[in-house]
1. Since Val19 meets every condition but one in (1) in contact (Cβ under 8 Å) with a residue 40 or more places away in the chain; (2) assigned to a helix (DSSP H, G or I); (3) within 14 Å of the chain's Cα centre (by Cα), which condition does it not meet?
2. Identify all residues within the stretch 86-113 that are open to solvent by 80 Å² or more (accessible area, probe 1.4 Å) and at pLDDT 90 or above; write none if there are none.
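The values are calculated or read from the model by the stated rules, or taken from the named source; none is laboratory data. The structure displayed is predicted, hence computed values, not measured ones. So basically every Cβ, Gly included, is an ideal-geometry build from the backbone, and we count neighbours across all protein chains shown. SASA here: full protein model, heavy atoms, side chains in, ligands and nucleic acids out. Shrake-Rupley method; radii C 1.70, N 1.55, O 1.52, S 1.80 Å.
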Amino acid sequence: TRRYTHQQLASFVERDDAVCLALELSDRFADHGIVSSLLGFCEGDSLRVDSWLMSCRVFGRTAEQFVLNHLVRIARDRGMRVIRGEYLPTAKNAVVADLYGRLGFESADGGRARWWEMQLSGAVDQVTFIRPREGPEPL
């Protein structure tokens, strides 16, 4: 997977072509803190997901659907037509090997399951139990 320094991440936040998201999650039991981050870049008419990290503590609790719904809105607002994601297999991420497919993406590399695409014209909101916090920044 890709690793970035704090300085690199800070520079991405300043870029007009970058999308940097962080999800803080709390429920009636605990404040879980930051449980997911996503870094994407606008490239032509597509938004490419460069890095999407999520804590295994919340995976499967519809946090991934919540993040994707927000990403779709951002991509549409920026005039993108497609979201592209890349799955890079590692020893620790086999549990998400089918994530893009489960979220409605189509294989974009002849079924090799590395590159995935979602056409925004057909994207629908994913079902999620997570609700945004009140305030100016919902994610």
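1. (2)
2. Of the stretch 86-113, the ones open to solvent by 80 Å² or more (accessible area, probe 1.4 Å) are 89, 91-92, 95, 102, 106, 110, 112.
Arg102, Glu106 - these are the residues of the stretch 86-113 that are open to solvent by 80 Å² or more (accessible area, probe 1.4 Å) and at pLDDT 90 or above.
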